[in-house]
Every structure is written in C-alpha cells, then in structure tokens.
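Structure, as structure tokens:
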C-alpha cells in the first residue's frame, strides 16, 4: 500500500510498503484538478480563456452537487492543470484576474482548491494511504542550541548519543540510515533536515536522508492565531521515499504516537506526513471532505453560507454556551464525579444535527431543538455520518482496553483512543468556526441547547435520588450525598442514561474535592479544582499551578507535597507550616536551578513588547545567542535577578546557571500554596502574615 508520495518535477513517485521492502512506482500522467461553478455564459467565456493557459492541461464539464443542501447536481467546469503547484496560482488568477472587471464578485465559485498535495493525490486517484505493513522509524535529535549554532558534534540517533567531529557524526548517521533503511524519520525539529544536507555538502559527503538524493522545503515557518492563542508552525521539509515527522510541530504525535496517527490516516486518506503536521481541525475536515466527495458534493474554497436571520428573542436564547453550575468553593467530602461519554458528538449523532438538517423547511419528519425552536429534519445527516464511526470505534477500543490486553496491544489501543478523542473534542467547536468547510453556527447553537437541557434534566434525577450538585460544567457533574442513604450513584447514572439516551458514566469517587475561589473576584473558578481519589494514592487536579505549562518542576513538586499535607491534616495552618520548610530550602540556595526553569509562550516579536517582562529579557538573551524566537514559540529561562530590567534578569535553560532569585521563587511557592488553602478561606495575604509569625513548627510540618 502507498504510504507516501513525492512530486519530483513532472512525475509523481508512489512509495509502497511490502512485507520485505519498499517499492517505488513512477507516474507521469497525473493531472491535478479544480472545479469552477457559475452561470453558463460566464463558464463558456472562461473555458475559452483557459484553453490558451499553459498551466491548463484539460477542461471538461461535469455534474456535481455544490453543497450539502443541493437536491440535484449542477454543471461545473473541471479544470486539470499540468503540475501540483499550478492549482492555487490558477485559482487566484480565476478570482483576481479573469473575474475582476468583467463579472460581478462571486460569479465564479471555486471548489477543491486548497487540498494538501499528497491528500489531493490520494483523493483524485482513489488511493488509501494506510500502510498494510508496519513502518520502521528512525529518530534524529539535536539540541536547540546546537541547531541554532549549526553544530553537529553531538547528536542523538535512535536514542543513542553520538559525539565527535562533524564528519564522523555524519558518517555514523549515513551508516545507520543505510543499515536501518527506515520508512519514517522522526526529527526533533524540521530544521535538522536542511542543516544535515548543508553540512554534508560542505564536507563533500554523500549523505542521503531519503531513498533518493536531495531534500525540499514544503512550507515556511508561520505564526497564526487560534481561539485567542498565538501559535507557531515550523517550516516543513520532505525527503524522497520517507515520511518526515517533526516532533516540535506535531500535536497529534505528542498525544497519540505513530499508531494513533495511522488510525487517522485510514479515516481521512491524508498520508502520514501530512497527518503528522496537520491540526486536529485539519484532520477532521479531511474526514469530512472524504464523506462529502463520496456524496457527490464538491468542497468550497471559501464559505458562502450566511448565518440565518434571528429575531431578538431567538438570538438571546441561542447566543449561549454550555450549562454551568457555579462551583461551591470549599472542601467537600465523599464526592462523586459523573460525565457523559462524548457528549457533544453523541448529541450530533443522536439528534441528527448537521448543516443540511438544521432549520430545514422540507416536508420530511422534523424534531424541534429545545429553547430555540429550530427544526431538524430526519434525512441522514452529513455530520452524523462522519462522527458515528469514530464514536463506535473509540468505544470498541476502550472496551478492548478494559479486557486487559497484552502490553503491545494496549499501547496501540491507547494511542488510537487518544487520537480519536481529540477529533471528537474538536467536532463541536468547529461548527462555530467561521472558516470551517462544513460548519454552521445554527448547528453549534442547537448542540449547546441540547447540552443545557441534558444537564438540567440530569440534575433533577440526581436530586430526586438524594444527591446534591456541588459543581457542573458542560458534560461533567460533581455530587455529594444530601440524604443519609441516597440511591447508589451507579443506579442514578443508569436512570439518566435511559432517560436521555446518552451514557452517563461514573468517572471518579473522591475522598475529598476542593473547588478553588476566583482570585480577586467573588465565586468559584470554573476550571480550578483538585481532589484525592478514593482508595488510590493519587490526585486529580485541574487549573492550578501543577497543571500549568509555565510552572517550574520544583514548584510543581512542592504543590503536590502541600496537597499530601492537606490530605493528611485538612488544616491550612499545617499546610503553611510545610510550605515554610520548602521556603527555607529556597532561601538557602539549595534548589537545583534546572528545576526552576519557567516556560512561556511568546505572543509578539521582541520589538512589539512595551513592558520589560521576563519574556522580553529571555528574548534578548536568545538574540545574543543568534537564536530567533517567533510569536507562538516558547522561551525557557530561570529568573536570576528579578530586580533587573535587562537581559541579566534571566538565564536561558541551556546557559550555565549557578544561582537564582530566591525572593521571586518564594512568591511562586506562596501562590501555589494559596491555590491549595484558598478553598479553606486563606488568601495570599493571610499566608504571608502567618509565615511572618514566630510560631514554632509542629511535627506535622515535617511529615
């Protein structure tokens, strides 16, 4: 089976994995295609113009549906181009040259334009790029500093450190690649590829990272914004005959490893390399594209569907999110957590919510969305068709995991479960994303309306069974016994499942749970809580410092130690006594600076900052080392002099660092302690006042 595709000049090379080797098939007749819809006279004029365009190989008229709501196909121009790189330039010419000045904007509607190259090839030629036989991998890791310096004297190959002169290191790499002949190169950073190629050229060495000579850059680095966060996409590279997976640029690799990625390949037909760098939304869209094309529906380059008109009353009801029960701040004993299995995707499938079924006025049977009054018709929905197989397979994988399979099978199943989880998590929010190919805001609103109704009905069942809700958010509920002998939580969950039709699952039983108050505002923080799982030496924590990516390892360890103290004594003063012991260690300078590294994401270029933050100082030090940090990338540093407002304020994680600013890290520890004791009524000021006292420590502080 073909597992990767290379576009080399005027030919395409398909690489197939066999039981014993890898075979290459060269294809010279492939012509990528796009589609153009518009009025007949405009299409005839355009066809005449395109026949003289050297990029165009062939033009024909075909019948396709233009959207999911279309009952019948329309005539469209199919335009085949000479090379894969001609698709988007031609699309831009159609929009900005041929249409402009002669026709009204939007006369030409373009379809199947913005597909990734390998994905396009598989769709147009009907190729499933899922390898039938296992793929072999080979990892190449180079430290961040060495990569910036162009230093290959120390590299890690398949987990083994290789040191020496650069020529010797490259010879070792060449020998190991020849011996292993891997199918997948797993690199710590994509920029390792051009560095290795350039060094080999400088040293006049014959080093092929691929199965054919050479390497190419597929895309440059890019900064983007998503859901209010600045992100960074590294440059992407290709070597012929092998898949390149960049661990610094693959969320899905980190969450699901190779087996999870391959599961997504089989569902989307997006080859492994393009799946590796794709976002969750990109993979979900690829799955939807396959389903749409199978239904005879073309994929729009730009969305055309406007939001439905709504009166004020409907808009007020619709413009809301999921339901939230305000958390009751404090420590609660004997708490049960239940949640709905894949609530939002299950709502989509159970209620047949899809762009072509919501607000439908056809003469089929309809159901009505709670609160909103939107009508949903019963025609087989597009979204349920794409999501139901994922729901079913994930449930099957979890059932196999529950049967305690052998370790190798367990690792594979866990990777696939994780990969599918992220697709299911994304599918709901993607309906509200303005650029989603098959998104529609009315779908998003309908899903939320059902979710709110479900949580309210569940609350009634729990309270009737003798339980009291202490927190609830989106698809999870936390309850503690109100009656002396409430109905067992498992029985209540079964009743709710039968009533609603979506499985309510027992998630956790806690000896105690603390819901954390908001800092500087009344009420509880919705996503900050921690609790001790009953009959286990483990905690579940959300939102507090130990879960935050910026928190240094030492602060994380101290916070867990404070949780242990709270578990044993349930007393804020004793927790603060324990904190005092850790503060003494910090003040003596006995903490390893490597465990004090802070990790922050850069939100703007260095010149864009107006305040002298730690991030600015770190960026200045990176610049001193000749290293560029773009918005969306991380900086990692130790604070050594918080009073400084220059690059001397911090040391980068790879720099020699023998000291740290004890006062600064004391503040971090006190903040972490505040999260632990704030549910008991202690804030940061009270902690500091207590620590300033001369109280003699009890033995409990040394447990």
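How high is the relative contact order of the stretch 132-294, in percent, counting Cα pairs under 8 Å that sit 6 or more residues apart?
17 percent
What shape does the stretch 521-603 take by its C-alpha gyration tensor, where a ≥ b ≥ c are the square roots of the eigenvalues and a/c under 1.5 counts as rounded, a/b above b/c as prolate, and the rest as oblate?
oblate
Under the classification rounded if a/c is under 1.5, otherwise prolate if a/b is larger than b/c and oblate if not, where does the stretch 250-380 fall, given a ≥ b ≥ c as square roots of the Cα gyration tensor eigenvalues?
Taking the square roots of the gyration eigenvalues as a ≥ b ≥ c, the stretch 250-380 is oblate.
Which one, (i) 79, 78, 61; (ii) 91, 74, 55; (iii) 87, 69, 55, gives Cα extents along the principal axes in Å as derived from the coordinates shown?
Label of the calculated value: (ii).
Just want to confirm a number: the relative contact order over the chain, from Cα pairs under 8 angstrom separated by 6+ residues, in percent.
Dividing the mean separation by the residue count of the chain yields 10 percent.
To make sure I understand, if each residue's beta carbon is the centre and we count other beta carbons within 10 Å, what order do 110, 8, 563 fall in, fewest to most?
Fewest-to-most Cβ neighbours within 10 Å comes out as 8, 563, 110.
Using the per-residue mean of other Cβ atoms lying within 10 Å as a proxy for protection, in what order, highest first, do the peptides 267-280, 176-189 fall?
Packing proxy ranking, top to bottom: 267-280, 176-189.
For the stretch 583-673, just the Cα atoms, rotate onto the principal axes and tell me the three extents in Å, largest first.
The principal-axis extents, from largest down, are 38, 26, 21 Å.
Quick check on the chain: helices-only [θ] at 222 nm, where DSSP H runs of length 4 and up contribute -39,500 (n - 2.57) each and the sum goes over total residues. Nearest 500, please.
Taken over the chain, the calculation gives -12000 deg cm²/dmol.
Checking the a/c ratio against 1.5 first, then a/b against b/c, what shape does the Cα gyration tensor give for the stretch 133-229?
prolate
Let me know the Rg and Dmax you get for the stretch 132-294 when you use only its Cα atoms, in Å.
16.7, 55
Values in this text are rule-based calculations from the coordinates and carry no lab data. All values derive from a computational prediction rather than experimental measurement. Quick reminder, even Gly has a Cβ in these numbers, built from the backbone with ideal geometry, and neighbours come from all protein chains shown.
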